[in-house]
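Each value in this text was obtained by applying a stated rule to the coordinates, not by laboratory testing. Because the structure is a prediction, the values reported are computed rather than measured. Heads up, the Cβs are rebuilt from the backbone with ideal geometry, glycines too, and the neighbour counts pull from every protein chain shown.
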Amino acid sequence: EVQLVESGGGLVQAGGSLRLSCAASGFTFDAYAKGWFRQVPGKEREWVSCITRIGGVTLYADSVKGRFTISSDNAKNTVYLQMNSLKPEDTAVYYCAAATRCRANPAYDYWGQGTQVTVSL
């Protein structure tokens, strides 16, 4: 069974940092690009970042560029999202996902259940 399990979410103050983890199983981890999305109630799911399968090239939405860093540890089948200088508008449920290629379109093959990130003033 394919599983992507996010962890590391929580409540932080504006300006703080948080590191999300996504543990994958049930598929060939290094054969897929990995991405992070976020969503707030009543709004569309928003692409945040992704990392390519070959070369480990990282891409970011303009809203998080310079503040967030995506990384992948193939030995642990885990992808991470380091979030620094957090803002209240970063508050959302964060999802990790896997696709055959790195892209912003939310047409990914596998999805986790999400982890809540809340940034207070």
Open item on the list: Please list, ordered by chain and number, the residues whose modelled amide H lies under 5 Å from the amide H of Gly114; skip anything fewer than 5 residues away on the same chain.
Closed with: Glu6, Cys96
Open item on the list: Along the Cα→Cβ direction, 7 angstrom out, place labels at Ser85 and Ser25. What is the inter-label distance in nm?
Closed with: 3.8 nm
Open item on the list: I'd like the FRET efficiency for Asp73 and Gln116, computed as 1/(1 + (r/R0)^6) with the beta carbon distance as r and R0 of 22 Å, rounded to 0.05.
Closed with: 0.40
- [ ] Determine the distance separating the Cα centre of the stretch 1-50 from the Cα centre of the stretch 62-89; give it in Å without decimals.
- [x] 9 Å
Task: Nonlocal Lys pairs with alpha-carbon distance under 22 Å, the chain (8 or more apart, or different chains) - done: 5
Task: Förster radius 35 Å - calculated FRET efficiency between Val5 and Ser63, Cβ distance, rounded to 0.05 - done: 0.90
